[in-house]
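These notes are about the structure you will find just below.
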Amino acid sequence: MRLYSLSVLYKGDPKVHLLKAAYDVSTFNFFQRSSVQEFMTFTSQLIVERSELGSRASVKEQEYLCHVYVRNDGLAGVVIADNEYPQRVCFTLLDKVLDEFSRQVNKIDWPSGSPATISYAALDGYLSKYQNPRDADPMTRVQAELDETKIILHNTMESLLERGEKLDDLVSKSEVLGAQSKAFYKTVSVAFHPRGGSPPP
Amino acid sequence: MAESPEEVAVLVQRVVKDIRNAFQRNPHIDEIGLIPCPEARYNRSPIVLVENKLGVESWCVKFLLPYVHNKLVLYRQRRQWLNKDELIDITCTLLLLNPDFTTAWNVRKELILSGTLNPLKDLHLGKLALTKFPKSPETWIHRRWVLQQLIQENSLPSLVTKGNLGAAPVERIHRLVQEEMNVCSEAAGRYPSNYNAWSHRIWVLQHLGKLTVKVLLDELSSTKYWVSMHVSDHSGFHYRQFLLKSLIGRTVTDSNVLVQNQIINEQNPSLQKEEESAGAEAACAEEQSVDLPRHLEEELELCTELIDSYPGHETLWCHRRCVFYLQHHLSNKIPLLSAVVSSVDSSDETLNNSHHSPATSPMAQAMDVDGLNESSSKQGYTQETKRLKRAPMQDSFGPEVEYQFIDKVLSTCRDADQARFATAYRKWLVTFLGQ
């Protein structure tokens, strides 16, 4: 049961900006960590790009789930977790983080912001605290006000794409991914295995 | 980079040497990995050592692996000689790239048997291979072979001083067991439902740990958090089922032995070898004090907590079935056990009373015919005895409780899978109890 990344982004028109992110790649193989992190940034951005304003969705890709909340004002959050981590806790976390972020960081700064310019330091703490959902959110059993039927479920990343678009092409063109990560994506049949072991045969 | 045979040979020699040097420079290497790197950087070694992590750049693997593989095969076919050091280096390189190459492990077995290679090195090599290949069957198999070698060595007193492990035999075994538990736990974390890791763990408990009550209870406690954080790991929960079943097997056997010993001792006090039976009885008494029903109840509670916190995981419902089944079977064994124990009680009382003064003995005897041993302090008032005297525990477990639990889940859950699993569990329960 694991969280891998927590990011705050801005869904500008036309581009999506990463504002701030926290990562936990400690369970991945040491030499894969930087590539994995880049992929998570790439994925988070892509998902926000392809999601509507005012929507919540969970996108499944192999053994991990990307939970996204795009607010009506364009502020968005993405949590990348494994498939054991309870979905409800992820959306509670996203609500909380975006709320706090919007109160601490001036709206004016969102469209042009980047991790270097934005001052919001709470993400690492949240990521760490929420690794154990029962510690972080003791009320997990209690019914949340959040209506889960409004969360869109995508069974693959591909289902977010336009007709004819290929993930491979987006990967090659990406400015977020370094050469090593792109090579990584090509040589491994599975983009990355969440727990860092070799891909299943 | 040109790939002439000479260049490949030079490259391979360099890589094998670099790997050996890396291990010599840093005995604390704890992880291996492949570095995605499509092109060689001019004249730089593909072997990278960073913070106790050993990496191999991916570009060299297509040259390295076939070459080293071929070399070992030629050696095996007696078409090319390799000396002991070369064999050690080559097999090490091979196994870090492909630990399922059985021949390489077998060559190392021969080196161990001839005394050239320290078996502990293979435990270390295997542990490293598992960081990248956590399921590798051949690695686990070889590991068990090495452990068997180490146990055998342990049992020969002449090897104690020359032994590989130092320290006293019992301490050595204990350390080995702990290390194996760690290796299994890490490998289990690197691949979901890692059957090979968990079955190795069971094997170690059986062959090195001897399934003592202490080791079983320790493992029950130390894996509790792990399974709570890996709620769909079927192998992890299966391990706990194994621990509980072994505890039951252990306790029931030992309590039968304890009871039999007491009967024999009462009937033939002169034959009682005090020290020996006192020791054995003490051990049995310790094992008798395992409160099995409490452990099973706690397991069921854990299961309930996890089902409630993390809806929609079938593994938890399968675990519940197993725990309920064990509780049910254990409670069916109890009547047999208490009948045996109470007959021991009454024979105990008559023996005691023969020493009482005549004035009190008729009264004492009248009481003792009916009573159990409340008045006797000779009988140890163990947990087990206490529990046997209580009414059967229907409040905290049993079919009624289960049906209530299922109903609660069905009325409050919003996860479709959870509802499905709860319904299936109810069906199972009905069928099971109907038998």
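The values are calculated or read from the model by the stated rules, or taken from the named source; none is laboratory data. What you see is a predicted model; the values in this text were computed from it and never measured. Cβ coordinates were reconstructed from backbone atoms using ideal geometry, including for glycine residues, and neighbour counts include every protein chain displayed.
Have a look at B:Trp59, B:Trp81, B:Trp105 and point out the one that is away from every other protein chain (no Cβ under 14 Å) and modelled with pLDDT under 95. Before you say what the answer is, go through the steps one by one.
Values: B:Trp59 fails: away from every other protein chain (no Cβ under 14 Å); B:Trp105 fails: modelled with pLDDT under 95.
Sole residue among the options that is away from every other protein chain (no Cβ under 14 Å) and modelled with pLDDT under 95: B:Trp81.
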query: Which of (1) at pLDDT below 95; (2) of a type in the set (S, T, N, Q); (3) closer than 28 Å to A:Thr27 by Cα is the odd one out, the single condition A:Ser112 does not satisfy?
result: (3)
- request: List every residue pair whose Cβ atoms sit under 6 Å apart, with the two residues 6 or more apart in sequence or on different chains, where the first one lies in the range B:22-41 and is more than 9 Å from chain A (Cβ to nearest Cβ) and the second, anywhere, is surrounded by fewer than 18 Cβ atoms within 10 Å (Cβ to Cβ) and not in a helix (DSSP H, G or I).
  value: B:Ala22/B:Leu49; B:His28/B:Asn52; B:Ile29/B:Asn52; B:Asp30/B:Asn52; B:Ala40/B:Met1
- prompt: Mind checking which residues of the range A:1-17 are over 26 Å from B:Val227 (Cα atoms) and crowded, with 20+ Cβ neighbours inside 10 Å?
  reply: A:Ser7, A:Val8, A:Leu9, A:Tyr10, A:Lys11, A:Val16, A:His17
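Does B:Val12 satisfy the criteria of being away from chain A (no Cβ under 14 Å), in contact (Cβ under 8 Å) with a residue 24 or more places away in the chain, buried (at least 19 other Cβ atoms within 10 Å of the Cβ) and over 24 Å from B:Leu123 (Cα atoms)?
Numbers: away from chain A (no Cβ under 14 Å): yes; in contact (Cβ under 8 Å) with a residue 24 or more places away in the chain: yes; buried (at least 19 other Cβ atoms within 10 Å of the Cβ): yes; over 24 Å from B:Leu123 (Cα atoms): yes.
Yes: the conditions hold for B:Val12.
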statement: Restricting attention to the range A:80-97, the residues that are surrounded by fewer than 21 Cβ atoms within 10 Å (Cβ to Cβ), out of contact with any strand residue (DSSP E or B) (no Cβ under 8 Å at 6 or more places or on another chain) and more than 9 Å from every other protein chain (Cβ to nearest Cβ) number exactly 2
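Of all residues in the range B:72-99, how many are farther than 19 Å from B:Ala129 by Cβ and either among the aliphatic types (A, V, I, L, M) or touching a residue at least 40 places away in the same chain (Cβ under 8 Å) (or both)?
3
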task: Select from the range B:400-418 the residues that are part of a helix (DSSP H, G or I) and under 17 Å from B:Val231 (Cα atoms) and list them in ascending order.
output: B:Asp417, B:Gln418
task: For the range B:120-155, enumerate the residues that are touching a strand residue (DSSP E or B) at 6+ places or on another chain (Cβ under 9 Å) and among the polar types (S, T, N, Q).
output: B:Thr131
- line: Of (1) within 22 Å of B:Lys135 (Cα to Cα); (2) of a type outside the set (A, V, I, L, M); (3) touching a Cys at 6+ places or on another chain (Cβ under 7 Å), B:Gly33 satisfies every one except (3)
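Output the residues belonging to the range A:26-57 that are in a helix (DSSP H, G or I) and more than 14 Å from chain B (Cβ to nearest Cβ).
Our first condition is that a residue be in a helix (DSSP H, G or I); within the range A:26-57, this holds for A:30-49.
Answer for the range A:26-57, where residues must be in a helix (DSSP H, G or I) and more than 14 Å from chain B (Cβ to nearest Cβ): A:Met40, A:Thr41, A:Phe42, A:Thr43, A:Ser44, A:Gln45, A:Leu46, A:Ile47, A:Val48, A:Glu49.
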Residues (more than 13 Å from the chain's Cα centre (by Cα) and charged (D, E, K, R)) located in the range B:187-205: B:Arg190
field: Residue count for the range A:46-60, restricted to those that are over 19 Å from A:Thr92 (Cβ atoms) and surrounded by fewer than 22 Cβ atoms within 10 Å (Cβ to Cβ)
entry: 5
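Please work out if A:Lys150 is facing chain B (nearest Cβ under 10 Å) and modelled with pLDDT under 90.
Values: facing chain B (nearest Cβ under 10 Å): no; modelled with pLDDT under 90: yes.
Criteria not met by A:Lys150.
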task: Give the residues of the range A:153-198 that are modelled with pLDDT under 60 and surrounded by fewer than 12 Cβ atoms within 10 Å (Cβ to Cβ), sorted by residue number.
output: A:Ser189
message: Can you find a residue that is at pLDDT below 95, more than 25 Å from A:Arg33 (Cα to Cα), small (Gly, Ala, Ser) and in a loop (DSSP other than H, G, I, E, B) anywhere in the range B:3-10?
response: yes
